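Scroll down for the structure; my scribbles are underneath it.
The values are calculated or read from the model by the stated rules, or taken from the named source; none is laboratory data. These numbers come from a predicted model, not from an experiment. Here Cβ is always computed from backbone atoms with ideal geometry, including for glycine, and neighbour counts include all displayed protein chains.
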Amino acid sequence: MLRFYAPIIIVVVATTLYHIAQKSIPAQVNPMLSLMVNYATALVVSLLIVPFYPGDSPMTSSFKYLNWGSFAVGIAIIGIELGVLLAYRVGWKISLVATIANAMAALLLVGVGLLFFREHLSGKNVLGIGLCIAGLMLIMQR
């Protein structure tokens, strides 16, 4: 059971820390310098974790399986990081940035799932999507 929920717990804790940290970066710090420090830190932490991470194959043999996805994730991460940092700098509330951005991304991903991955929606899924749209409309009203 823990193996099932542990990844989501990690995401929730890390996302919470991420938003608190992003909101705490002083406006005087150049956004690109902040991103460089973020990723230098991530590289060091990743290198420290590698020996403890179990894998089915050694890291050196994994290189041949890398595809465009790993590089696209790197580009996407920069967009996410920069967008969130700039959103906080122009006055977005910490209580709303993740809610609005994640809900909008989820709605976009519904279309992506349907069009490119041949996923199907149940009636409950459609109802949930409707509630998500209604929630966004309520949250974004001024």
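Close contacts from segment 90-104, counting a first residue that is in contact (Cβ under 8 Å) with a residue 12 or more places away in the chain and a second that is of a type in the set (Lys, Arg) and assigned to a helix (DSSP H, G or I), with Cβ to Cβ under 6 Å and a gap of 6+ residues or different chains, come to Ile94/Lys23. Against the list (1) touching a Leu at 6+ places or on another chain (Cβ under 7 Å); (2) assigned by TED's automatic domain parsing to the domain that holds Gly130; (3) of a type in the set (Val, Ile, Thr), the condition Thr99 fails is (1). When each of Val45, Val50 is tested for being closer than 22 Å to Leu85 by Cα and of a type in the set (A, V, I, L, M, F, W, C), the lone residue that passes is Val45. When we screen Ser62, Ser57, Ser95 for residues that are within 30 Å of Gln28 (Cβ to Cβ) and at pLDDT below 95, the only hit is Ser95.
Within segment 26-47, residues that are modelled with pLDDT of 95 or more reach partners that are of a type in the set (S, T, N, Q) with beta carbons closer than 9 Å, at six or more positions or on different chains, in the pairs Ser34/Gln22. Would you check if there is a residue in segment 60-73 being out of contact with any Ser or Thr (no Cβ under 8 Å at 6 or more places or on another chain), assigned by TED's automatic domain parsing to the domain that holds Lys23 and in contact (Cβ under 8 Å) with a residue 40 or more places away in the chain? No, segment 60-73 contains no residue that is out of contact with any Ser or Thr (no Cβ under 8 Å at 6 or more places or on another chain), assigned by TED's automatic domain parsing to the domain that holds Lys23 and in contact (Cβ under 8 Å) with a residue 40 or more places away in the chain.
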